[in-house]
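Before any comments, here is the structure.
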Amino acid sequence: MDSLQGVVDRIIYFNEFNNYTVFDLDVGGVLEVVTGLFPNLAAGEAVTVYGHFVEHKTYGAQFQAEKYEIYVPTNSETLQRYLASGLIKGIGESRARDLVMHFGEDVLDIIKNEPSRLTEVSGIGSKTAQQISETYTAQEEMREVVMFMQQFGISTTYAMKIYKKYCGLTIGIISQNPYRMIDDVDGIGFKTADKIALSMGIEEASAFRVRAGISHVMAGLYSEGNMFYEEDKLIEDAAQILNVEEMLIEDGLSYLTKNGKVILCSVDETNVYYLRNLYIAETEAAKRLIKIACIGWQIDTAFLSGLIVDYEKQFQISLHESQKQAVISCMTHGLSIVTGGPGTGKTTIINCILFILKRLKQDVVLAAPTGRAAKRMSQSCDAEAKTIHRMLEYTFATEDRMSFGKDEENQLQGDYLIIDEASMLDITLLYYTLKAMNENMRLILVGDVDQLPSVAPGNILKDIIDSGQASVVKLDKIFRQSERSKIIVNAHRINMGKYPEIDNASDDFFFIDAPSPQQAAQVVGQLCSKRLVGYQNYDPYYDIQVISHVKKGQTGVEQLNAMLQRLLNPPSKEKNEKTMLKHTIRVNDKVMQIRNNYRAIWTNIFTQESGTGVFNGDIGVVERIDDESRIIDVLFEKERRVHYAFEDADQLMLSYAITTHKSQGSEFKAVVIPVCEGYRKFLSRNLLYTALTRAKEMAVLVGSRQIIESMVRNNTIVKRKTALCWRMMDEAVV
C-alpha cells in the first residue's frame, strides 16, 4: 500500500451524505488529488493517506485513500487556514486570524479545554465561545473514532455509524465490550465485532464473547428458514464455532434466557431455543389463526350456487365442480386455503369470490408478498392488490426494525383478506398481517404448497394445511385452456414424479442437450443474446430470465451472470461502472436487491410518489453511476427509482441469472433453466418444479437428461424446524 504525507490545500468536493471527499494535498510543494471517505476534512490539516494511485478516465491521476491519519496543525499559518476553512461553526476568516494572533499555537488547546478564554478576543461572546468549543470537540472525537476503527479494518462508513450511536463514549464502549455493536449498529455482525475483540485481547472464554457468539449461531435460523434450535445441537454447534467448553455455552444460554433474548421451551417433548421475536411471532400467529378459523359465515349454499351461476353467465365460462366447491368453502369459513399448481384455476376462483363478495357488498383487501406478485394479481383480478408491506403501511423504524401503520390499534378495514403467492409468506410477515386484521375479517390464502417455502423462517402454507384447522381446497385438475401448454403439463408431471415430455414438439417447452457444463453455459448465452430474442422478439432484460439451481460452477449464478453481462452489456467508455468484491456493476446492468432494506427511499418516476423499502428479490436496471457523488441509481419494475450510496452497493447483485429460491413469486415470459451440475442430494424435484412454473410463455431446459431424471426422482425435502402446525392444534384443543 502506498502513502502520501502533506497538508490539505483545498477541498474540491465533499458529499455530506456519505463523506466522500476530493481534495488537493500539498506534498512538498506538489499538489496531488486525493479521494476517499473523510468526515469533515479542512484545509490546513496535516494528513497521511494510505492507498494507491488510479487513473480516472475523466479527471486523470488520483490517489485513492483507503485509510488515513490526521494531525493537528502546528504552526500559525496552517492553524489559521484550518480555522478559516468554515469547518468550525462560529469561525470565519477574520475571526480565525484574530484567534491565532491572540493565542498563537495554543489556540486549539484553548478552544477544547478553556473555551471561556475565547471571549478575550473581540466580538466573541460566551455563547459563541461555547458553540466553537462544542463543534471542535465533536469533530475531534469523530476523527479519533475513525482512526481508532481503521486499525481493525473498519471502513469510514461503519466507523461513522458507530460514532453516531455512541458519540464521545465510542472508544470506551468498544474497548470494554465490542459485541455491543452487533445489536446497536446496523451492518456490524459477530465476525467483525469478534475480530476487533480478539485483537484487543479479549479472551475467547469471555462471557461477552460467548453470549454474542450464541446469538450469532441462533441468527443462522434466518438463513436456514428454521424457527428454533434443539438445545443439544445448539450447545454443540456454538461450542465448536467459538472454540470454548460446552459448560460456557450453557452459562451463556442461561444468561440470555433470563434476559429474555432467547426463549427456552418444549416442542414435541424436545427442549428447543427460539429467538424472542420468532417465538412471539409463531405463538401469537397460531392463536390468531385459530380465532379466524372460528369465525365462519352462516350463508345458504344454494344461494351461493346461484351467484356462481350468475358469474358463469356474465363471463361465459363454466366452472368445474371442484372450483365451485372451492368458492363455497372459502365463503363459508373464516380461514381458507386454495392450493394447486399452474393451470388449475386458482385465479378463476379468486375472481368468482370477488364477484360474489361485490354482490354481497362485502369489502375485500387483496395482497401478495412481493411487488411483482401484487402487480400480477392486480392485472388478473382487475382490482388493486398491494404488497403486504404497503397494505400494512410500512413506516420507517429506527435500527432497521419493522414498524407498520396498520396494527392492533389501527386495523385493516374489510370483510375479507385474500393473499396470493402465500407459499412465500414467512412467520414474521404473517404475524404482522394477523395483528392488523380486524376481529371479523376472514382470511383466504392462495398458493402452491409444492413450491419452495419462503426464504425467511417458517413453512406457513404447509403448516396450516397439516394442522387441519383450515378449510383446504387442493386443485389438481388442469383445465382445458391450459392443457395445450407443455409448461403446465410438464410441471404437473414433474410434481407427480413423472419424467417430463421432452420431444420439442410444442411451441412453449424445449430441451437442448448439452452434456457438459461448458456447453450448457454457451447455449444459455446464445439463447439470451440471440436465439430467443430473434425467435419471439423477447427483451433479454425484462422478458428472459435464467434460473439456476446452483451458485457455483460454470452454470452457477455467479459465472452465468459474468458471461451474460459480457454478452448483453459489455464495458464501454460511455458506461460508468462500480467494481465490487465478486463482480462489477455498470450502467444498464440488470440487478437484484438481495436483502430487505426498510430504509431505502424510492420515487415513482411517473407519479412522483415516494415511499420506503426495497425488498429481497426486487429486480431493476442500473440507470446511472456517478463517481463524483458516489451514487448509483436503479430503476425497479420500470417505475421506482432508488439512490444507492457506493457503500451500499453490496445490496445489489447481477440478476441476468438468479437462483431458484430468488425466483419465487415471479413470472417471466421466457425462462432458461440449466440442468447439468450440482450436488445430486440437493437437486430435488421441487427445485425443478418451482423454476419451471416461473415461465409464462416459454421454458427451455439446457443440459443433461440424466440430471433431469435424477431431480424428478429425488423428492427429498429438507424438513424445516417449525412448530406452527403443532401450536395451532394445541390452541384448537384449548
- [ ] Using a 1.4 Å probe and ignoring any ligands, DNA or RNA, find the accessible area of His56 and quote it in Å² to the nearest 10.
- [x] 40 Å²
Open item on the list: With n ≥ 4 as the cut-off for DSSP H runs, can you work out [θ] at 222 nm for the chain, using -39500 (n - 2.57) per run divided by the number of residues, rounded to the nearest 500?
Closed with: -11500 deg cm²/dmol
Task: Dipole of the chain, positive end: most advanced residue of Met563, Thr170, Phe63 [Cβ charges, Cα centre] - done: Met563
- [ ] For segment 423-469 and segment 518-554, write down the distance between their C-alpha centroids in whole Å.
- [x] 34 Å
- [ ] Give the long-range amide H neighbours of Val702: residues separated by 5 or more places, or on another chain, with amide H under 5 Å away, using H modelled in the peptide plane at 1.01 Å from N.
- [x] Ile512, Ile673, Val675
- [ ] Work out from phi, with θ = phi - 60° and the Karplus expression 6.51 cos²θ - 1.76 cosθ + 1.60, the ³J(HN,Hα) of each residue of segment 654-670, listed in order in whole Hz, and give x for Gly and Pro.
- [x] 4, 9, 4, 10, 9, 6, 4, 4, 6, 7, 4, x, 9, 9, 10, 4, 10
Open item on the list: Can you compute 3J(HN,Hα) from phi for each residue in segment 273-283, using the Karplus curve 6.51 cos²θ - 1.76 cosθ + 1.60 with θ = phi - 60°, rounded to whole Hz and x for Gly and Pro?
Closed with: 10, 10, 5, 3, 5, 6, 4, 4, 4, 6, 5
- [ ] Note the full-extension length gain between Lys291 and Glu439 as 0.36 nm times their separation in residues minus their Cα-Cα distance, in nm to one decimal.
- [x] 52.4 nm
Open item on the list: Can you compute the charge dipole magnitude of segment 496-595 about its Cα centre, using +1 on each Lys and Arg Cβ and -1 on each Asp and Glu Cβ, nothing else charged? Give it in debye, rounded to the nearest 20.
Closed with: 700 debye
- [ ] Relative to the longest principal axis of the C-alpha atoms of the chain, give the angle of the C-alpha long axis of helix 246-258, reported between 0 and 90° and rounded to the nearest 10°.
- [x] 80 degrees
Task: Distant alpha-carbon pairs in segment 460-520 (separation over 17 angstrom), percent - done: 60 percent
Open item on the list: Just to be sure I understand the model, the point goes 7 Å from the Cα along the line to the Cβ. What's the resulting Thr137 to Gln518 distance in nm?
Closed with: 6.8 nm
Task: Linear extension gain, Tyr59 paired with Gln413, 0.36 nm per residue minus alpha-carbon span - done: 121.7 nm
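Before I look further, what does segment 267-325 give for accessible area per residue, probe 1.4 Å, in whole square angstrom? Display every interim value, and only then the final one.
Details: 3340 Å² over 59 residues.
In whole numbers, segment 267-325 has 57 Å² accessible per residue.
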- [ ] Using amide H atoms built 1.01 Å from N in the peptide plane, name the residues 5+ places from Asn271, or on other chains, whose amide H lies under 5 Å from its own.
- [x] Glu231
TODO: Calculate how many DSSP beta bridges within the chain are antiparallel, expressed in % of all such bridges and rounded to the nearest 5.
DONE: 60 percent
TODO: Take a quick pass over segment 385-522 and tell me how many lysine pairs come in under 24 angstrom between Cα atoms, counting only ones 8 or more apart or on separate chains.
DONE: 13
- [ ] Based on a Kirkwood Rh over C-alpha pairs, give the Stokes-Einstein translational diffusion coefficient of segment 209-288 at 37 °C and viscosity 0.692 mPa s in µm²/s.
- [x] 258 µm²/s
Task: Sites Ala505 and Thr347 - FRET efficiency at Förster radius 25 Å, r taken between beta-carbons, to 0.05 - done: 0.35
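If packing is taken as the mean number of other Cβ atoms within 10 Å per residue, what is the order of 334-347, 246-259, highest first?
Numbers: 334-347: 22.9, 246-259: 16.0.
Listed from highest to lowest mean packing, they are 334-347, 246-259.
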Open item on the list: Suppose R0 equals 35 Å. What FRET efficiency, 1/(1 + (r/R0)^6) with r the Cβ-Cβ distance, do Ser94 and His52 give to the nearest 0.05?
Closed with: 0.30
Open item on the list: Nothing charged except the Cβ atoms of Lys and Arg (+1) and of Asp and Glu (-1): what's the magnitude of the dipole of segment 97-172 about its Cα centre? Round to the nearest 20 debye.
Closed with: 460 debye
Task: Spatially proximal lysines relative to Lys258 (Cα-Cα < 23 Å; intrachain offsets below 8 disregarded) - done: Lys233
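Run the numbers for Asp109 and Ser318: contour at 0.36 nm per residue of separation, minus the present Cα-Cα distance, in nm.
Length difference between fully extended and current span is 66.5 nm.
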TODO: With only Lys, Arg, Asp and Glu charged, each at its Cβ (+1 for the first two, -1 for the last two), find how big the charge dipole of segment 550-664 is about the Cα centre; round to the nearest 20 debye.
DONE: 440 debye
Open item on the list: Accessible area per residue for segment 607-665 in Å², computed with a 1.4 Å probe and the full protein assembly in place, what is it?
Closed with: 33 Å²
Task: Spacing of the two label points (7 Å from each Cα toward its C-beta) at Thr716 and Ser155, in nm - done: 3.8 nm
Task: Sulfur and carbon atoms: percent of accessible area, the chain [1.4 Å] - done: 47 percent
TODO: Quick one: check the C-alpha center-to-center distance for segment 300-314 versus segment 332-360, whole angstrom.
DONE: 13 Å
Open item on the list: Residues of segment 1-29 with the amide nitrogen closer than 13 Å to a label point 7 Å from the Cα of Glu69, along Cα-to-Cβ, please.
Closed with: 3-6
Open item on the list: Of the listed values (i) 197; (ii) 160; (iii) 208, identify the label whose number matches volume of the Cα convex hull per residue in Å³ calculated from this model.
Closed with: (i)
- [ ] At a 1.4 Å probe radius, which order do Val557, Val365 fall into by accessible area, largest first?
- [x] Val365, Val557
Task: Spin-label pair Glu250/Gln536, simplified geometry with 7 Å Cα→Cβ offset, distance in nm - done: 6.1 nm
Task: Residue-by-residue Karplus 3J(HN,Hα) for segment 540-555, coefficients 6.51, -1.76, 1.60, Hz, glycine and proline x - done: x, 8, 9, 9, 9, 9, 8, 10, 10, 7, 10, 8, 9, x, 5, 10
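Using the heavy atoms of the protein chains and a 1.4 angstrom probe, tell me the accessible area per residue for segment 1-116 in square angstrom.
Per-residue value: 50 Å².
The values are calculated or read from the model by the stated rules, or taken from the named source; none is laboratory data. For clarity, every value in this text was computed on a predicted model and none was experimentally measured. Glycine also receives a Cβ, built like all others from the backbone with ideal geometry; neighbour counts cover every protein chain displayed. The accessibility values were calculated without ligands, DNA or RNA, using every heavy atom of the protein model including side chains. Shrake-Rupley method; radii C 1.70, N 1.55, O 1.52, S 1.80 Å.
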